[in-house]
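Student: Below you'll find the structure I mean.
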Amino acid sequence: MSGQTSNRFTSFLGQCSGVIGDTASALAQPSRVRLIRRGVIAFALVWIVLSTTQVIWSLVPAPAVTMPANIVVLNPAEGQPSAAQVQSVDLDTMLSWHLLGAAGEPSAEVIIETIEVESRQGIEEGARETRLDLRLRGIISSTDDGLGHAIIESKSKQQVYAVEDKLPVSGRVILAKVMPDRVVIDNRGTYELLVLYEDSVLSPQLVATPAKPLPKPAGELKNVDMRGDVRTTALARGYRQQLYKNPESLSQLVRISDVRDGGVLRGYRIAPGSDATQFSQLGFKTGDLVTGINGIALNDPGNTVRLYQLMRSAREAVFDLERGEELLSVTVSLDDTNNEQ
């Protein structure tokens with residue numbers, strides 16, 4: 001069977017080759033070539049004529065279509081209204097609506113800010129001292145509208161907080177207002193107080209009359225001048241910049257605790273923070289009691305606002321310290337020009 005199939009396939013190929021050869025011989029004759037050429041030319045001419053006709057008809061405008069009389073048109077186009085139909089616009093009435101607000105009225109931002117400021121006024125009235133594990137260690141700054149920064153201690157860790165900051169206790173507890181000698185906290189909707197020093201029976205007298213100078217340790221005042229130390233000057237200038245840009249970072253340098261004598265604030269005890277080397281570089285030692293800075297006594301919490309404003313442009317810082325039985329005055333430069341002289 002395989003031999004017969006192979007013979008049939010070979011015979012079929014021979015027949016196809018003969019047909020193809022005869023066709024090629026026929027087309028190779030000059031008369032047949034001329035006939036094919038004429039046919040191709042005729043087809044091309046017909047195609048060109050049809051294409052030209054379509055282009056010409058596309059340029060001819062279409063005749064208007066007449067709509068039958070019995071057709072109903074939905075939403076017919078309306079013509080232009082006449083001058084008698086046009087109503088005039090009352091501009092005076094529109095201006096009286098004050099769509100963008102009346103002239104002279106405060107903007108929305110001013111109104112919102114006024115509401116926020118007024119909401120802090122008087123919130124300390126009737127507030128009781130909080131029982132939360134928080135201690136107020138210092139007031140860095142305070143303003144008449146209750147804004148500012150305060151140093152608050154929780155679990156032996158001190159940090160600077162601004163108004164509206166959340167305090168490090170469980171629940172929703174935020175710093176609501178900063179005053180010269182106390183702060184108001186919002187403990188889940190209830191206003192509570194953190195005082196800088198405890199109230200006593202002498203408190204009204206202390207407010208009404210100026211505080212008497214507190215006794216100081218006996219001994220001569222020792223001056224420690226560190227203005228010639230370039231490293232100390234650069235370090236002091238860097239910490240002053242952090243005081244006004246990021247007060248929280250000062251907790252890395254120093255830890256502060258208030259010291260009272262007979263219910264009267266005496267000053268602030270300082271200890272090194274996370275970097276004891278920088279603390280010593282500024283001339284401090286653990287346990288130093290700072291009683292004044294640049295001539296401003298620290299026994300009055302209200303002086304912290306003045307001190308905060310003064311240190312912004314001060315060229316040097318003079319710290320009045322009590323170190324055991326010694327009285328020291330440590331002077332640190334805050335200006336590079338002192339080192340160039």
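The values are calculated or read from the model by the stated rules, or taken from the named source; none is laboratory data. Quick caveat: nothing in here was measured; it's all calculated off a predicted structure. Methodologically, a virtual Cβ is constructed for each residue, glycine included, from the backbone with ideal geometry; neighbour enumeration extends over all protein chains shown.
Student: For the stretch 151-188, give me the residue count where each residue is touching a helix residue (DSSP H, G or I) at 6+ places or on another chain (Cβ under 9 Å), crowded, with 19+ Cβ neighbours inside 10 Å and aliphatic (A, V, I, L, M).
Tutor: The number of residues fulfilling the criteria is 5.
Student: Would you check if Val254 is modelled with pLDDT of 85 or more, in the same structural domain as Gly292 (by TED's automatic domain parsing) and among the β-branched types (Val, Ile, Thr)?
Tutor: no
Student: Does the stretch 318-334 contain at least one residue that is within 17 Å of Ile140 (Cβ to Cβ), part of a strand (DSSP E or B) and at pLDDT 90 or above?
Tutor: There is at least one residue in the stretch 318-334 that is within 17 Å of Ile140 (Cβ to Cβ), part of a strand (DSSP E or B) and at pLDDT 90 or above.
Student: Which condition number does Ala276 fail, the rest of (1) within 21 Å of Thr232 (Cα to Cα); (2) surrounded by 15 or more Cβ atoms within 10 Å (Cβ to Cβ) being met?
Tutor: (2)
Student: Another one. Under the condition of being hydrophobic (A, V, I, L, M, F, W, C) and in a loop (DSSP other than H, G, I, E, B), which residue from the stretch 142-184 is nearest to Ala127 (Cα to Cα)?
Tutor: Checking each candidate, the answer is Met179.
Student: Looking at (1) more than 16 Å from Gln158 (Cβ to Cβ); (2) assigned to a helix (DSSP H, G or I), which is the only condition Gly228 fails?
Tutor: The single condition Gly228 does not satisfy is (2).
Student: Still on this structure, I have one more. What pairs come up if the first residue lies in the stretch 263-280 and is assigned by TED's automatic domain parsing to the domain that holds Phe319 and in a helix (DSSP H, G or I), the second is modelled with pLDDT of 85 or more and of a type outside the set (Phe, Trp, Tyr), and their beta carbons are under 7 Å apart, counting only those six or more places apart or on different chains?
Tutor: Taking only residues 6 or more apart or on different chains, the pairs are Gln278/Leu235; Phe279/Pro272.
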